[in-house]
Amino acid sequence: KNIFRLEAFSDVWMEGEALNKGVLIRFVVQELPRIDNIEIIGADKVYENELTELIGLQEGDIITPAGIAKARQAILSKYFEEGLFMAYVRIKQTNYNQKENTVDVSVLIDEGEDILVTKINIFGTNSLNAEDIVDRMELKEEGFIDDGTFKESSFEKDKRVIIDYYKEKGYLDVELLESRW
């Protein structure tokens with residue numbers, strides 16, 4: 001179990017051989033392959049070098065199911081942050097070289113469609129002008145000048161901007177009760 005927990009082997013088994021003075025126990029392992037080459041396909045809206053840093057996989061590393069899952073989740077999180085909620089990521093192992101025990105890794109990305117902000121509504125503001133609040137926000141409605149792409153990071157930043165604006169105007173107990181998108 002301890003050998004298998006090292007996550008460097010695809011299979012571990014034990015063989016035993018009776019000797020005059022006891023038993024010889026031999027652990028036999030089959031190593032997981034190492035990464036020979038990494039290729040990212042389909043990344044247009046996020047820079048490939050950003051994704052390379054995020055995935056945590058490098059040439060020469062042992063490829064594990066946990067590493068693949070972590071890389072996939074890191075890429076999906078980045079696309080979510082960029083407002084690309086429909087992104088799909090598949091990581092394939094190809095070109096297995098049995099002699100060298102290496103594989104190529106292909107990261108296949110379908111970025112999906114942007115989610116657009118078509119309307120921003122500010123409810124519950126009686127003392128301050130809703131247009132002044134919208135003007136301070138990073139997210140903008142789709143229109144002639146702005147593309148209106150929704151980004152989670154901008155949404156989170158805008159919530160803080162709204163609270164800070166209210167505090168500047170003397171509303172020290174301000175809080176956002178609910179955010180729906």
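Hey, which aspartates and glutamates would be in cross-link range of residue 167, C-alpha to C-alpha under 15 Å, not counting anything within fewer than 8 residues on its own chain?
Once the sequence-local aspartates and glutamates are set aside, what remains near residue 167 is 132, 158, 175.
Using a 10 Å cut-off on Cβ atoms, rank the peptides 118-129, 62-73 from the highest mean neighbour count down.
Values: 118-129: 9.5, 62-73: 15.2.
The most tightly packed comes first, giving 62-73, 118-129.
Using only alpha-carbon positions, what ratio does the radius of gyration of region 48-132 give when scaled by 2.2 N^0.38 Å?
Values: Rg = 20.0 Å, N = 85, 2.2 N^0.38 = 11.9 Å.
That ratio works out to 1.68.
Quick one: net charge around residue 134, please, counting Lys, Arg +1 and Asp, Glu -1 for every other residue with C-beta under 9 Å from its C-beta.
Numbers: positive: 136, 140; negative: 131, 132, 135, 141.
So the environment of residue 134 carries a net charge of -2.
In whole Å, how far is the Cα centre of region 36-80 from that of region 118-174?
Here the two parts' Cα centres lie 34 Å apart.
Each reported figure results from applying straightforward, stated rules to the coordinates on display, with no laboratory input. On a predicted model such as this, the values are computed, not experimentally measured, just so you know. Don't worry about glycine lacking a Cβ; one is built from the backbone with ideal geometry, like all the others, and counts go over all protein chains shown.
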